[in-house]
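Report on one structure; see the data block that follows.
The values are calculated or read from the model by the stated rules, or taken from the named source; none is laboratory data. Since the structure is predicted, the reported quantities are computational estimates derived from the model, not experimental observations. Cβ placement follows ideal geometry from the backbone for every residue including glycine, while neighbour counts extend to all protein chains displayed. Accessible surface is based on the protein model in full, side chains and every heavy atom, while ligands, DNA and RNA are left aside. Shrake-Rupley method; radii C 1.70, N 1.55, O 1.52, S 1.80 Å.
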Amino acid sequence: ESTQTKTSSRLSSPYPSCDCHMAGKAVSIDDGGSAHHSRDQEATPLSRRPRQAHQSADDQSISLDNDTKDTTLNETKKRSHDVLIVSGPDEAINQSYQGTNNLKRRKLDASAVNSPTELDHQQLEEEQKEAQLDLAHQIAEEGHELHDQAQYDDALRKFQEALGIHWKLHGDFHEDVADIYCGMGYCFRDQRKHEEAAQTFRKELSIRLVVPENDRPQVAEAYYSIGRALQDQLEDGEAIRMFEKALAIQVESLGNQHPHVADTYTQIGYSLKNQGKLEESVKMHENALGIRLETLGNDHVDVATNYHEIGHSFGDLGYHERAIEMHDKALSIQLGALKDSHPDSLETNIADNYNNIGYNLNEREKYDEAIQAYDKGLQIRLKTLGKQHPQTANTYENIGNVLYNQDKSMEALSMYEESLQIRLNVLGEGDPKVAKAYDNMGLILSEQGEPEEARQQYQEALSTIHSSRSLWERA
């Protein structure tokens, strides 16, 4: 039976740099510590009496201190008198004692603040902190550059080094720490270490939710990233829950026509399709398509992605003509984009659309057109993926299916043999698709009146199934 090809759900992230590149990031250092202290010392005027012109500097100093002391003591006596009238003698004595102590503390505080050694020490500490932050940001930026070069282990080492500095300066809960976890999560995801990616993105989220600088779109990004990691682990129910949390924040903070909202609808659509909820999946992709048409225009490759996915679900639902229409639209956009750039990923998506058009044409019994579509997809896959690739094997099998439907049994057998050899080389004896190839060949050989050879193929198929089941049970 022909199979469709699903476009990889690994869309380009709506957060390609995950907002955690740290080059040149401004760092706020509190410069008010000693200044606040200084302002406190100015609360009481130095003198309420005019100075004598003939006083020496030392005499002036003594006079200033005496004036300050007299003024403060007079104020203290007045407060004590007032308290005596209202509250009694004990409270008045207590207030007088506090006033005298306050005067002593002021002199000590003024001496400490005006100490050049103390101020120099504070400034030195701030400069050292700034230097450490600059170093941490530089190391993290090196990590991002290594990630972009697919040097994931080296990138992770850089992120871990930067993380150690931020822990020392900020502790566990700071936006810079969250940014580092974000970068590490993308490294794990691109290494296909999906469980580690999910754990790391959860650490990022736990910080984003509590730091004072809480940025709502970044909280949404963290939920989205967790959802992608869970989706890659085939935990689609939990993935949808994360995507829905991200979606609620995105709609609130970005509006319902933002490209990030479309990205999240698309991912929900993938997970719903994986759960077999095809009609719900179509609705999600239609939501995303409407936003992308509005914000990106008719010819954007992300628009093609949604046309492809809607067509894929229509094909599974048996709406083959509507499916072909959607895939044709996707193909038109992708072929137009290919004129401007030639990434292998774009060509792979074009091959997927040719494959799905071939599937739906076969279901409509338009066999010659189906073979033409499959052959176009096959040429692209041979070029971009090579012959020894599972998707290339799938295309050979699909062509064989169409030839079998045309009663061209021996030509179909040749396609099945090609498919089998690739799968044996790439997937090994225990893979279910290997069993399927043996079964297809056995069917044709049986119909051709060669029962012994057919029996041998069926036995190989059974042996592969048993081997696959044994591997599954051991896992």
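Structure data summary
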read-out: Subset tally (residues that are open to solvent by 70 Å² or more (accessible area, probe 1.4 Å) and in contact (Cβ under 8 Å) with a residue 40 or more places away in the chain) for the stretch 403-437; value: 1
read-out: Matching residues in the stretch 257-305 - criterion: being among the acidic types (D, E) and closer than 21 Å to G336 by Cα; value: E294, D299, D302
read-out: All positions within the stretch 230-275 that are of a type in the set (D, E, K, R) and either more than 26 Å from D316 (Cα to Cα) or in a loop (DSSP other than H, G, I, E, B) (or both); value: E235, K245, E252
read-out: Matching residues, the stretch 305-358, being among the basic types (K, R) and not in a helix (DSSP H, G or I); value: K339
read-out: So D215, is it among the acidic types (D, E) and closer than 20 Å to D190 by Cα; value: no
read-out: Tabulated pairs, the stretch 155-182, first among the hydroxyl-bearing types (S, T, Y), second not in a helix (DSSP H, G or I), C-beta under 9 angstrom, 6+ apart or interchain; value: Y181/C20
read-out: Of all residues in the stretch 220-240 being of a type in the set (A, V, I, L, M) and within 19 Å of H260 (Cβ to Cβ), the one that is surrounded by the most Cβ atoms within 10 Å (Cβ to Cβ); value: A222
read-out: Leading residue by the ranking (farthest from the chain's Cα centre (by Cα)) among those in the stretch 156-178 that are assigned to a helix (DSSP H, G or I) and either at pLDDT below 85 or small (G, A, S) (or both); value: L169
read-out: Residue within the stretch 341-363 that is under 19 Å from A412 (Cβ atoms) and in contact with a His (Cβ under 6 Å, 6 or more places away or on another chain) present; value: yes
read-out: Given (1) modelled with pLDDT of 90 or more; (2) more than 23 Å from E365 (Cα to Cα); (3) under 39 Å from the mean Cα position of the chain (by Cα); (4) open to solvent by less than 70 Å² (accessible area, probe 1.4 Å), index of the condition Y396 fails; value: (2)
read-out: Every pair of residues 6+ apart whose Cβ atoms lie under 9 Å, when the first sits in the stretch 130-152 and is touching a residue at least 12 places away in the same chain (Cβ under 8 Å) and under 14 Å from D179 (Cα atoms) while the second is open to solvent by 60 Å² or more (accessible area, probe 1.4 Å) and small (G, A, S); value: H137/A23; H137/G24; Q138/A23; A140/A23; E141/A23; E141/G24; H144/A23
read-out: Inter-residue pairs, beta-carbon under 7 Å, first closer than 14 Å to N360 by Cβ and in the stretch 302-321, second of a type in the set (D, E) and open to solvent by 10 Å² or more (accessible area, probe 1.4 Å), 6+ apart; value: I310/E286; H320/E363
read-out: Subset of the stretch 136-188 (residues that are of a type in the set (K, R) and surrounded by 24 or more Cβ atoms within 10 Å (Cβ to Cβ)); value: K158
read-out: Test for Q257: is it closer than 22 Å to V282 by Cβ, touching a Ser or Thr at 6+ places or on another chain (Cβ under 8 Å) and crowded, with 21+ Cβ neighbours inside 10 Å; value: no
read-out: Single match in Y438, Y416 (criterion: over 33 Å from the mean Cα position of the chain (by Cα) and under 24 Å from I350 (Cα atoms)); value: Y416
read-out: Residue among I268, I249 that is farther than 20 Å from V282 by Cα and either out of contact with any strand residue (DSSP E or B) (no Cβ under 9 Å at 6 or more places or on another chain) or open to solvent by 10 Å² or more (accessible area, probe 1.4 Å) (or both); value: I249
read-out: Selection from the stretch 359-380 of residues that are touching a residue at least 60 places away in the same chain (Cβ under 8 Å) and outside any helix (DSSP H, G or I); value: none
read-out: Per-region count, the stretch 276-294, residues assigned to a loop (DSSP other than H, G, I, E, B) and either open to solvent by less than 10 Å² (accessible area, probe 1.4 Å) or hydroxyl-bearing (S, T, Y) (or both); value: 0
read-out: E418, sole failed condition from (1) outside any helix (DSSP H, G or I); (2) at pLDDT 90 or above; (3) among the charged types (D, E, K, R); value: (1)
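The rows are residues; the columns are (1) at pLDDT 95 or above; (2) of a type outside the set (S, T, Y); (3) crowded, with 24+ Cβ neighbours inside 10 Å; (4) closer than 29 Å to V426 by Cα.
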site: L296; (1), (2), (3), (4): no, yes, no, no
site: T305; (1), (2), (3), (4): no, no, yes, yes
site: E309; (1), (2), (3), (4): no, yes, yes, yes
site: E321; (1), (2), (3), (4): yes, yes, no, no
site: L335; (1), (2), (3), (4): no, yes, no, no
site: L338; (1), (2), (3), (4): no, yes, no, no
site: Y359; (1), (2), (3), (4): yes, no, yes, yes
site: T384; (1), (2), (3), (4): no, no, no, yes
